[in-house]
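Student: Below is one structure. I have some questions about it.
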Ligand code: ADP
């Protein structure tokens with residue numbers, strides 16, 4: 001190899017172990033980040049086996065080799081389990097194959113097995129090179145030029161079973177697949193008053209099961225982390241019977257595939273079904289979801305998050321110094337987070353021992369703080385009988401403002417969790433006007449049956465909010481219905497209305513009740529909370545719509561401008577752009593200028609001239625007053641000079657109307673439970689604070705409404721600082737082809 005070639009760093013990416021949706025986004029991000037940084041990028045086909053095999057299984061990748069892959073399920077570069085790589089002899093061949101190509105940096109996307117194997121390879125690397133030199137397979141110069149193998153890991157696994165990351169790549173999409181199936185089963189089960197036992201994947205991890213049980217309104221779960229104590233069968237039957245007595249038409253039990261009882265005997269779905277048939281006399285069916293859970297297009301989250309992970313992993317391995325410690329690149333609270341790779345693997349591998357020792361608490365804690373919380377929420381909402389004595393209190397629940405998918409799950413969660421905590425719940429229909437009209441009535445456990453699935457607002461909502469001089473009326477209405485605490489599920493209008501009413505709280509005893517605000521808005525423009533209820537669903541709707549637009553546009557040369565909602569908050573536009581690999585995004589936070597539009601148009605025209613067939617701009621609806629979507633369409637059309645067509649697509653209300661995603665449903669229920677807990681504490685302490693859900697020091701908490709304006713711009717209707725703003729940089733790195741000759745394949749960067 002010529003010395004000049006060796007000077008360019010070379011990096012390879014591979015996917016290994018079980019496939020998962022979102023691996024392609026990671027591969028795309030790694031390859032493009034490497035190329036943008038001036039490195040050579042390689043893809044290894046068929047996982048670690050491809051390293052051993054070499055040949056055309058290790059291919060140099062260009063910018064366009066990763067075009068049009070982000071929306072595909074599975075992994076386009078293949079994956080495999082490799083017996084050869086487990087042997088030193090296999091790894092010796094792998095080392096030779098890499099050194100021959102000048103590759104000494106590796107990003108591995110896989111599970112704990114793959115990451116362990118890769119780390120062993122890294123540790124052995126200098127010895128392997130010495131052996132190759134001794135055997136005359138590589139030269140001493142080659143060995144000297146690559147003394148260190150740098151590896152970075154990202155976890156591809158639908159199970160969400162890795163310590164060190166909140167989410168593994170593919171878990172969110174799997175959750176979506178499961179919830180689609182569970183929704184379908186729930187409707188047929190309800191029609192026939194049947195029971196269904198559904199097996200969910202997750203060898204040692206109950207994450208998918210718990211989340212989908214909350215999101216799907218299941219009655220009972222069995223998860224690997226909690227080996228049920230003897231007598232669990234009685235509890236299961238009692239729960240199902242109580243559900244029937246409370247008016248449930250379907251019975252749904254979710255069983256994670258790796259469940260055992262305390263004696264270590266596996267618990268199979270069939271065994272559970274037989275039990276229900278025999279003891280409850282129910283017509284019970286088993287459904288094993290199986291590999292469907294791995295399939296299908298990745299969700300929006302499984303596009304933007306793996307993109308960020310891949311970008312970060314590539315940067316890490318390219319920047320690594322001689323003392324580099326291999327890192328697992330994961331995510332913590334929507335940010336890329338790193339942890340020493342083998343520490344994460346060791347902690348993950350310690351969990352089965354905790355399970356076997358019946359340390360359910362320890363096993364759940366090891367899964368992260370939100371795991372145990374989700375189990376607690378599920379227990380609260382799935383038991384029809386109150387778990388606490390009556391508190392003699394009434395919590396009022398209402399929606400205010402625009403629709404957000406998941407609002408119903410929030411109310412249903414509040415009702416059931418509130419009842420479990422001994423409260424009565426009053427449903428306030430159609431927002432503030434409903435409250436003032438007296439459209440208020442009790443909501444019982446069966447009243448919210450099936451709500452969790454539904455889009456729209458079962459309680460009804462209204463954009464009309466009280467003026468400050470109606471404060472006395474609001475107070476009187478709350479008093480008239482004996483409301484001791486109020487949960488308001490809504491967006492900007494809800495926050496702004498209560499903020500204004502707060503000034504009058506001291507004047508009216510009726511307003512002296514605690515108020516909790518639960519963030520629900522597709523715009524994701526609320527203070528204190530990074531992902532409001534509904535935003536994930538809206539983002540998925542947008543991404544699916546753009547996928548369809550691309551297909552429709554693929555036959556002809558087209559530039560598309562897609563306009564998203566969000567008012568003056570660019571969250572949906574930015575995250576959608578990142579999720580679909582758009583070339584440009586126009587935000588109100590960073591409004592387009594004439595100079596920028598000039599550059600963008602020039603780049604677009606140059607792209608089409610050199611063979612591209614698709615160009616995508618995403619524009620937030622209020623990005624700019626003058627440079628409207630129609631203005632952009634006309635500008636692009638004029639400048640295309642007939643080279644390509646230009647279309648504008650305003651997505652409109654489809655963004656608000658989707659069936660809520662599993663994520664939105666489960667989080668709505670979890671936040672509702674938090675609010676109920678907080679309101680309970682307030683009532684017991686005789687306090688009447690008004691607060692909104694907020695992340696405080698990395699924990700789910702609340703923040704005082706009276707101080708909202710410190711972090712929230714009421715005029716612009718968005719937080720003063722928005723966590724996602726710096727994602728534009730990553731998007732631009734990945735969508736801006738470095739200048740130079742363009743090799744067009746199908747031209748489209750999908
Ligand atoms: P996952 O990566 O999803 O956990 P596996 O456990 O099947 O999947 O591991 C995938 C591959 O990683 C294995 O087929 C093997 O090639 C490699 N691997 C796993 N563990 C080791 C190990 N201890 N040493 C070397 N290679 C390993």
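Readers should treat all values here as calculations from the given coordinates under stated rules, not as data from a laboratory. Owing to the predicted nature of the structure, the values given are computational and were not obtained by experimental measurement. Don't worry about glycine lacking a Cβ; one is built from the backbone with ideal geometry, like all the others, and counts go over all protein chains shown.
Student: Can you give me the Rg/Rh ratio for the chain, using Cα atoms for both radii and the Kirkwood formula for Rh?
Tutor: Looking at the chain, the ratio lands at 1.00.
Student: Given segment 467-538, report the % of alpha carbon pairs whose separation exceeds 19 Å.
Tutor: 39 percent
Student: Order of 589-595, 161-167 by packing, highest average Cβ count within 10 Å first?
Tutor: My ranking of the peptides, most packed first, is 161-167, 589-595.
Student: Further question: In percent, how large is the relative contact order of the chain, given Cα pairs closer than 8 Å and 6 or more residues apart?
Tutor: Relative contact order comes out at 13 percent.
Student: What order, most packed first, do the peptides 672-679, 9-16 have when packing is the mean number of other Cβ atoms within 10 Å of each residue?
Tutor: The packing order, highest mean first, is 9-16, 672-679.
Student: Based on DSSP H runs of at least 4 residues, each adding -39500 (n - 2.57), what is the mean residue ellipticity at 222 nm of the chain after dividing by all its residues, to the nearest 500 deg cm²/dmol?
Tutor: Estimated from H runs of four or more residues: -13000 deg cm²/dmol.
Student: Give me D for segment 1-156 in µm² s⁻¹, whole number, from Stokes-Einstein with Rh from the Kirkwood sum over alpha-carbon pairs, 25 °C and 0.890 mPa s.
Tutor: 160 µm²/s
Student: Something else now. Roughly how many whole Å is it from the C-alpha centroid of segment 626-680 to that of segment 472-520?
Tutor: 30 Å
Student: Measuring from the lowest to the highest alpha carbon on each principal axis, how far does segment 657-711 reach, largest first, in angstroms?
Tutor: 38, 29, 24
Student: Hey, could you pull the Cα Rg and Dmax for segment 372-425, both in Å?
Tutor: 12.0, 36
Student: In Å and from the alpha-carbon atoms only, list the Rg and Dmax of segment 604-750.
Tutor: Looking at segment 604-750, its Cα Rg and Dmax stand at 23.0, 71 Å.
Student: Expressed in nm to one decimal, what extension gain is obtained for the pair residue 721 and residue 245 from 0.36 nm per residue of sequence separation less their Cα-Cα distance?
Tutor: The span from residue 721 to residue 245 would gain 166.4 nm if fully extended.
Student: Over segment 1-132, what is the percentage of antiparallel beta bridges among all DSSP beta bridges, to the nearest 5?
Tutor: Here the antiparallel bridges make up roughly 30 percent for segment 1-132.
Student: Based on the alpha-carbon gyration tensor of segment 149-295 and its eigenvalue square roots a ≥ b ≥ c, which shape applies: rounded if a/c is under 1.5, prolate if not and a/b is larger than b/c, or oblate?
Tutor: Here segment 149-295 falls in the prolate category.
Student: Give the relative contact order (percent, whole number) for segment 535-655; include only Cα pairs under 8 Å separated by 6+ residues.
Tutor: Computed over segment 535-655, the figure is 40 percent.
Student: Looking at the chain, send over the antiparallel percent of its DSSP beta bridges, to the nearest 5.
Tutor: 25 percent
Student: For segment 535-655, place one equal point scatterer on every Cα, skip the solvent, and apply the Debye formula. What is log10 of I(q)/I(0) at q = 0.16, 0.18, 0.21, 0.23 Å⁻¹?
Tutor: -0.69, -0.88, -1.20, -1.41
Student: Another one. Remind me, relative contact order of segment 613-750 in percent, using alpha carbon pairs under 8 angstrom and six or more residues apart?
Tutor: Taking the mean separation of contacting Cα pairs over the length of segment 613-750, I get 21 percent.
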